[in-house]
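Only the coordinates and a few stated rules stand behind these numbers; no lab work does. As the structure is a prediction and not an experimental result, all values here were calculated from the model. Ideal geometry is used to build each Cβ from the backbone, glycine not excepted, and the neighbour counts take in all protein chains shown.
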Amino acid sequence: MAKPVVYILDDNTDMVDLSAIILSSLDVKFQKYTDPRKMLAEFDGSAEGCLLVDFEMPELSGLQVLEKIGGWLPLFPAVLLTGHADVQITRNAMKSGAFDLLQKPFLGPELLELVGNALAWSKSIRLKNLESVTVWTAMQSLTNRELEVLGLILAGMASREIGEKLNISRFTADHHRANILNKLKLPTIGALLSQVTRAKTLFENEHSNFRVTANNS
C-alpha cells in the first residue's frame with residue numbers, strides 16, 4: 001500500500017527541512033519545494049496526503065497556490081502557515097478552502113498533531129466515499145472546455161443546445177460528451193448525471209470543515 005504524501009512548500013529552505021524533521025515520525029513520503037511553480041507542475045492530489053504551504057511567498061502566495069489546486073482540496077487538505085494569523089488572513093484562508101491554519105513560530109507537537117489530523121481526514125473521506133472519490137478525481141483531469149460542457153449537461157442541455165450555447169457544432173459537443181464519459185469511466189449520461197451530482201454535493205461543501213490552530217504564546 002502506497003504511503004500518504006506530504007507536500008511541503010515554503011520559500012525558506014530551512015523551514016521546509018525543519019517541517020520534514022518534525023514530521024519524520026509519520027509514515028509518509030515527503031515532497032519538498034521552495035518553488036511554488038515547480039510544486040504545482042508536479043502536484044498530484046489523487047493519493048492520500050496533505051499540503052503544508054507558507055502563506056507569504058514572493059512568487060505566488062499560499063492562497064494563490066490553493067486557488068490553483070482548489071479542486072483537490074476536499075480530498076487533499078492544505079494547511080497554511082503564517083507569521084501573523086489575523087482575522088482577515090483567517091477569513092481568506094477559509095474562503096480559499098484551507099483545512100487549517102497554524103501561526104509561526106509553532107511548536108513541533110502542534111504541527112505534528114495538525115498534519116496528523118489532515119492525513120486522517122484525507123484517508124477517512126476517501127474510504128467513506130470510494131465511488132464518488134473516483135469520479136471527483138477523474139473530474140480534475142477534464143479540460144476547461146470539458147468542464148464547461150459538463151456543467152451544461154448537468155443543467156439538462158442536449159448536444160444541440162450545448163453547441164448553440166458555446167457556439168460550437170453539435171458534432172463537437174457530442175465529442176466533448178464522449179470524452180467526458182470516457183475520462184470519468186461512466187457508461188451513460190444518466191450515470192454521469194447521478195454520479196457527478198453526488199460527488200459535487202459531497203465535495204464542493206467540504207471547505208466548511210476549516211479549523212484554526214494558532215500559537216498565541
task = Once you have a ≥ b ≥ c as the square roots of the Cα gyration tensor eigenvalues for region 5-128, tell me rounded if a/c is under 1.5, and otherwise prolate or oblate according to whether a/b is larger than b/c.
result = rounded
Positive-end residue of Leu9, Thr134, Ser169, charge dipole of the chain with Cβ unit charges = Ser169
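How large is the charge dipole for the chain, taken about the Cα centre, if only the Cβ atoms of Lys, Arg (+1) and Asp, Glu (-1) carry charge, to the nearest 20 debye?
My answer is approximately 920 debye.
When the expected Rg is taken as 2.2 N^0.38 Å, what fraction or multiple of it is the alpha-carbon Rg of region 132-203?
On the way: Rg = 11.4 Å, N = 72, 2.2 N^0.38 = 11.2 Å.
Cα Rg divided by the expected 2.2 N^0.38 Å: 1.02.
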key: Under 18 Å from the Cα of Lys128 - lysines, other chains or at least 8 residues apart   = Lys200
query = Relative to the compact globular guide of 2.2 N^0.38 Å, what is the alpha carbon radius of gyration of the chain, as a ratio?
reply = 1.13
remark   = Of Asn92, Asn179, Asn167, the most mobile residue in a GNM of the chain (C-alpha springs, cutoff 10 Å) is Asn167
key: 5 angstrom amide H check on Leu26, placed H, neighbours 5+ away   = none
Aspartates and glutamates with Cα under 12 Å of Lys3, excluding same-chain neighbours fewer than 8 positions away = Asp27, Glu48
query = Too long at a 32 Å Cα-Cα cut-off: which of Lys38/Lys165; Lys104/Lys185; Lys29/Lys95; Lys123/Lys183; Lys32/Lys165?
reply = Lys38/Lys165; Lys104/Lys185; Lys32/Lys165
